[in-house]
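The values are calculated or read from the model by the stated rules, or taken from the named source; none is laboratory data. Everything quoted here is computed from the prediction, not taken from an experiment. Cβ sites come from the backbone with ideal geometry, for glycine too, and all protein chains shown count toward neighbours.
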Amino acid sequence: MAKPSGRPIRDELLASATTLIQRVGVNGCSYGALADELGISSPTIHHHFRTKDDLVGAVAARYREDFAARVDAIGSGDAVEDIVAFADLFDATAERDAMCLCGSVASDWSTVGESARTEVSGFFADQVVWLSGRLTDGAEAGSIELGSESDATARMLLALLQGAMLLARAGDDDSSPSAMVRRFLAISGN
């Protein structure tokens, strides 16, 4: 039996897998690549995550929790500023030549397990709820004009953010997520 190394291998695996999935997708992430990056063996990974589905589910759960904490920290009191600050979270990811982890996992939907699907669906639902709340607050304050229900507009904004990340990744310098949201809010009469 191997002696414990004292390294936080599980945390290192989650961090490395997050970065790798954000850059190359679930199907581009392998135990071999993670083992090489961390200087460990594949069986060590299997000790912590029996299957790749277990790993991807844990990565998605951690990302969902971490992202929720960042969103919870947004709170200027102004709905428009808060929505732009939300978009800035996506900008920070795009600037690292990475994708939103849950968007990346969703793009590989047919090959991911149920735990990852549950976390990704929950992530998107969480963001729709938050955006919808801020849109409603902005409409009530008169700073946002809603052309449809706040939930529908929230889904549209979330889709815009995910798409803007793809355009930015493809080299479109005019499509940072926050710039796209600013344009959307201006078009919407805000």
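So the values come out like this:
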| quantity | calculated |
| --- | --- |
| Any hit, segment 57-69, residues being closer than 22 Å to residue 186 by Cα and either hydrophobic (A, V, I, L, M, F, W, C) or surrounded by fewer than 19 Cβ atoms within 10 Å (Cβ to Cβ) (or both) | no |
| Qualifying residue in segment 25-39 (condition: modelled with pLDDT under 95, over 18 Å from residue 99 (Cβ atoms) and of a type in the set (A, V, I, L, M, F, W, C)) | no |
| Residue that is nearest to the chain's Cα centre (by Cα), among those in segment 111-151 that are buried (at least 17 other Cβ atoms within 10 Å of the Cβ) and of a type in the set (Val, Ile, Thr) | 120 |
| Of residues in segment 167-185 being surrounded by fewer than 15 Cβ atoms within 10 Å (Cβ to Cβ) and either at negative phi or touching a helix residue (DSSP H, G or I) at 6+ places or on another chain (Cβ under 8 Å) (or both), the one modelled with the highest pLDDT | 183 |
| Qualifying residue in segment 126-147 (condition: in a helix (DSSP H, G or I), in contact with a Lys or Arg (Cβ under 6 Å, 6 or more places away or on another chain), over 23 Å from residue 57 (Cβ atoms) and free of Cβ contacts under 8 Å to residues at least 60 places away in the same chain) | no |
| Output for segment 115-125, where each listed residue is without any contact (Cβ under 8 Å) to a residue 24 or more places away in the chain and either of a type in the set (Phe, Trp, Tyr) or under 23 Å from residue 29 (Cβ atoms) (or both) | 117, 121 |
| Selection status of residue 154, surrounded by 14 or more Cβ atoms within 10 Å (Cβ to Cβ), part of a helix (DSSP H, G or I) and touching a residue at least 24 places away in the same chain (Cβ under 8 Å) | yes |
| Residue in segment 60-74 that is touching a helix residue (DSSP H, G or I) at 6+ places or on another chain (Cβ under 8 Å), farther than 23 Å from residue 164 by Cβ and in a helix (DSSP H, G or I) present | yes |
